[in-house]
1. Kindly put 45, 189, 82 in sequence by how many other C-beta atoms sit within 10 Å of each C-beta, fewest to most.
2. Along the Cα→Cβ direction, 7 angstrom out, place labels at residue 170 and residue 19. What is the inter-label distance in nm?
3. Please report the spacing between the Cα centers of the stretch 168-198 and the stretch 112-144 in Å, no decimals.
4. Mind sorting 69, 135 by how few other Cβ atoms lie within 10 Å of their own Cβ, fewest first?
5. If each residue's Cβ is checked for other Cβ atoms within 10 Å, how do 201, 59 rank with the fewest at the top?
6. Mind giving me the nanometre distance, one decimal, between the label points for residue 67 and residue 154, set 7 Å out from Cα along Cα→Cβ?
7. Restricting to Cα pairs below 8 Å that are 6+ residues apart, what does the relative contact order work out to for the chain? Please round to a whole percent.
8. Simple spin-label model, 7 Å along Cα-to-Cβ: residue 192 to residue 113 in nm?
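Any read-out appearing in this document is the output of simple, stated calculations on the displayed coordinates, not a laboratory observation. No experiment lies behind these values; they were computed from the predicted model shown. Here Cβ is always computed from backbone atoms with ideal geometry, including for glycine, and neighbour counts include all displayed protein chains.
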Ligand SMILES: [Fe+2]
């Protein structure tokens with residue numbers, strides 16, 4: 001079966017809808033499902049913009065490993081233009097973003113436009129650190145492949161593998177780092193999805 005953007009969004013909807021959350025089901029899951037339903041009902045399927053820019057080998061390696069979520073196979077079949085995100089023009093943010101691969105599927109800059117949500121795919125190469133940041137949007141990353149360490153608020157870094165997640169209420173400081181493995185995830189922003197209030201504070205010295 002040919003994988004289309006619609007196929008992928010349907011798969012992501014099911015994954016987000018059914019994903020177990022320790023705190024109990026989150027409103028962000030309902031918001032994401034509603035936004036995907038709206039996009040599917042709209043039935044306008046733009047081609048991904050820009051020339052295809054494939055994922056590099058470390059991403060493909062983790063996405064084709066036996067521990068990866070099956071949806072990674074679908075993601076790999078769509079010729080996205082993978083690129084670092086442009087959430088901020090802060091030079092430190094830009095310098096720390098070379099190791100990131102990102103596609104916004106739904107959102108103000110998404111392949112499908114939405115002003116209510118940002119939903120996309122996000123990965124970071126091995127041996128990278130994406131430091132402390134805050135933003136008004138409520139956010140969740142659901143890990144699809146590989147592994148990464150996530151810092152939330154005042155907690156220590158915690159290792160998250162495929163099937164894990166990192167949930168960040170509005171304005172909660174959070175950070176991400178990778179060791180020997182890349183990771184790929186699906187992320188959701190809801191609430192105030194503008195990037196105007198995004199702040200990047202850089203890397204930490206925490207172990
Ligand atoms: Fe974030």
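1. 45, 82, 189
2. About 2.1 nm, to one decimal.
3. So the separation of the two Cα centres works out to 4 Å.
4. Ascending Cβ contact count within 10 Å gives the list 69, 135.
5. Final ranking by Cβ density, sparse to dense: 201, 59.
6. So the two model labels end up 3.1 nm from each other.
7. 22
8. Each label point is offset 7 Å from its Cα along the Cβ direction, giving 2.4 nm.
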